[in-house]
Amino acid sequence: MKHAFPLTVLLLIVSSQSLAVQTECVVLLHGMGRTSSSLSAIEESLLSRHYHVWNESYPSLTQSVEELSAPAIDAGLAYCEGKQVERVHFVTHSLGGILVRYYLQDHHIENLGRIVMLAPPNRGSEVADQMKDGFFYRNIMGPAGQALGTDEKSLPNSLKPIAGEIGIIAGIKAGEPWFLPEIPGDDDGKVAVERTKLPEMRDFLLVNVGHTFIMDDDEVIRQVSHFLQHGLFDRSNQVQTTDGAATE
């Protein structure tokens with residue numbers, strides 16, 4: 001019986017933490033050519049931590065960023081509103097991050113929480129520059145793929161800074177090596193590390209993972225949850241990560 005009191009206190013602490021997280025919702029947005037299943041590992045991790053999670057597919061290959069952004073995000077926000085949560089977070093992969101940035105240009109989310117972007121082409125991608133006129137890329141990747149170039153007038157480079165606490169995770173392992181000659185500096189096979197960054201980001205992290213499967217990496221999944229909870233990435237026990245500066 002002498003351990004009953006400490007055990008009761010521990011259970012109360014764990015319960016209060018779980019209830020706190022249950023007042024928060026996470027909207028997941030997958031990348032180009034992918035579906036909601038590509039973020040299933042992150043979804044399961046967040047559900048195990050008692051977040052409400054919205055994870056649905058959107059037609060990334062057939063519509064423009066302008067057409068995709070509001071319908072996808074509004075659907076996620078409506079789900080979170082139905083759960084009566086206090087805060088709404090976003091976790092995105094690649095194109096998903098551009099959808100959030102575009103949405104927040106002229107939409108205000110009253111209870112906006114934190115945003116974690118995985119491998120976002122925030123300043124475009126040389127892959128889009130080199131392949132946009134090719135038959136396969138033009139016809140398969142659709143209008144959104146045409147908009148992701150590195151030109152100053154490209155859609156990603158024309159967006160203004162957004163509100164919210166933003167954490168960005170970028171990869172430095174080539175997942176698609178045939179793209180590498182077109183990408184300067186370190187990259188993940190599709191997006192240069194320097195092109196993932198935003199001036200307004202709060203924290204930045206590099207991982208030894210390629211673009212395509214960055215969302216399935218155990219360390220990345222752990223870091224996503226840590227940023228949502230603390231607003232910073234965890235550098236106390238890095239295994240596969242290399243420090244990146246929070247600011248330029």
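Determine, from the Cβ-Cβ distance of residue 158 and residue 130 and an R0 of 30 Å, the FRET efficiency 1/(1 + (r/R0)^6), rounded to the nearest 0.05. So, using R0 = 30 Å, E works out to roughly 0.90.
Net charge around residue 122, counting only other residues with Cβ within less than 11 Å of its Cβ (Lys, Arg = +1; Asp, Glu = -1)?
With Lys, Arg at +1 and Asp, Glu at -1, the neighbours total +2.
Quick check: at a probe of 1.4 Å, how many percent of the accessible area of the range 182-221 sits on carbon and sulfur atoms? The partial results should precede the final answer.
Working: 700 of 1470 Å².
Taking all protein chains in place, the range 182-221 shows 48 percent carbon and sulfur surface.
A 1.4 Å probe run over the range 26-86, with the rest of the protein chains in place, finds 45 Å² accessible per residue.
Of the peptides 227-237, 184-194, the ranking by mean beta-carbon count within 10 Å, highest at the top, reads 184-194, 227-237.
Take the Cα pairs of the range 40-120, get the Kirkwood Rh, then feed it into Stokes-Einstein at 37 °C and 0.692 mPa s and tell me D in µm²/s.
248 µm²/s
The values are calculated or read from the model by the stated rules, or taken from the named source; none is laboratory data. Keep in mind that what you see is a predicted model, and the values were worked out from it rather than measured. Using ideal geometry, Cβ is built from the backbone for each residue, glycine included, and neighbour counts are taken over all protein chains shown. Ligands, DNA and RNA are excluded from the accessible area calculation, which covers all protein heavy atoms including side chains. Shrake-Rupley method; radii C 1.70, N 1.55, O 1.52, S 1.80 Å.
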